[in-house]
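J.: Please find one structure pasted underneath; my questions will follow.
The values are calculated or read from the model by the stated rules, or taken from the named source; none is laboratory data. The shown structure was predicted, so the numbers you read here are calculated from the model rather than taken from an experiment. When we count neighbours, we look across all protein chains shown, and the Cβ atoms used for this are built from the backbone with ideal geometry, even at glycine. Heads up: the accessible areas ignore ligands, DNA and RNA and are worked out on the full protein's heavy atoms, side chains in. Shrake-Rupley method; radii C 1.70, N 1.55, O 1.52, S 1.80 Å.
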Amino acid sequence: MIKELAQTIVDLIFDWGYLGIFLLMAIESSFIPFPSEIVLIPAGYLASKGDMSISMIMISALGGSLVGAFINYYLALTLGRKILKRYGKYFFIKESALDKMDDFFAKHGHISTFIGRLIPGIRQLISIPAGLAKMNLIVFSTYTALGAGIWALILTMLGYFIGENQELINTYLKQITISVVVVLLFLGSWYAYYQKQKAK
């Protein structure tokens, strides 16, 4: 089943080219759960065969990721705040909690967005609190692009070098994901320490 799905994605990318990567990454980055691995690893494999360009894969992936992130951001900004202000009290969410979130993202939104974009299961969702908190759009876009770009490059390179070996991909992807999470934990700890020292 998974093998057939992966082959379908490869065929779709080959038929639609960079537009296919753009659209699939926009879906992956929005509220629809869709793993970027099955888009970018096959794309990297096609690049290794000379059928695609890595730079164009990256541009398409990054553009799609930003579009998907903006969809979540603006939905949360326009609809999310209205809904929470009207009905949040029924879920024990006070308006003061929104104010605190606004303050948090004003101070720490950049690091939260960057780290969130690199954590599986969180990368699609981090745009929602950013939108709810009315995070500065330029800052949001910059750190979303940075985090999404790093992840897209990792997956594309994985497909480029070992795209035919599914077993190796599974092994390396797990190792890479664990390594990224460890690095992000270190970065988060350092940032918290830095902020603490700065406040003294």
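J.: Just checking, how many residues over the stretch 116-148 are out of contact with any Gly (no Cβ under 8 Å at 6 or more places or on another chain) and part of a loop (DSSP other than H, G, I, E, B)?
T.: Counting residues in the stretch 116-148 that are out of contact with any Gly (no Cβ under 8 Å at 6 or more places or on another chain) and part of a loop (DSSP other than H, G, I, E, B) gives 4.
J.: Moving to a separate point now. Being farther than 19 Å from ILE119 by Cβ, of a type in the set (Phe, Trp, Tyr) and either in contact with a Phe, Trp or Tyr (Cβ under 8 Å, 6 or more places away or on another chain) or surrounded by fewer than 17 Cβ atoms within 10 Å (Cβ to Cβ) (or both) is the filter here, so list the residues in the stretch 16-49 that pass it.
T.: Selection gives TRP16, TYR45.
J.: Which of the numbered conditions does ILE71 fail, given that it passes all the others? Conditions: (1) modelled with pLDDT of 70 or more; (2) farther than 12 Å from SER29 by Cα; (3) of a type in the set (A, V, I, L, M, F, W, C).
T.: All conditions are met except number (2).
J.: Right, here's the next one. Can you tell me which of (1) open to solvent by 90 Å² or more (accessible area, probe 1.4 Å); (2) modelled with pLDDT under 65; (3) not basic (Lys, Arg) is the one ALA97 doesn't meet?
T.: (1)
J.: When the residues of the stretch 50-75 are filtered to those that are over 13 Å from the mean Cα position of the chain (by Cα) and crowded, with 23+ Cβ neighbours inside 10 Å, which remaining residue is farthest from ALA133 (Cα to Cα)?
T.: MET52
J.: Please work out if PHE34 is under 30 Å from ASN136 (Cα atoms), of a type in the set (Phe, Trp, Tyr) and free of Cβ contacts under 8 Å to residues at least 40 places away in the same chain.
T.: Against the criterion (under 30 Å from ASN136 (Cα atoms), of a type in the set (Phe, Trp, Tyr) and free of Cβ contacts under 8 Å to residues at least 40 places away in the same chain), PHE34 qualifies.
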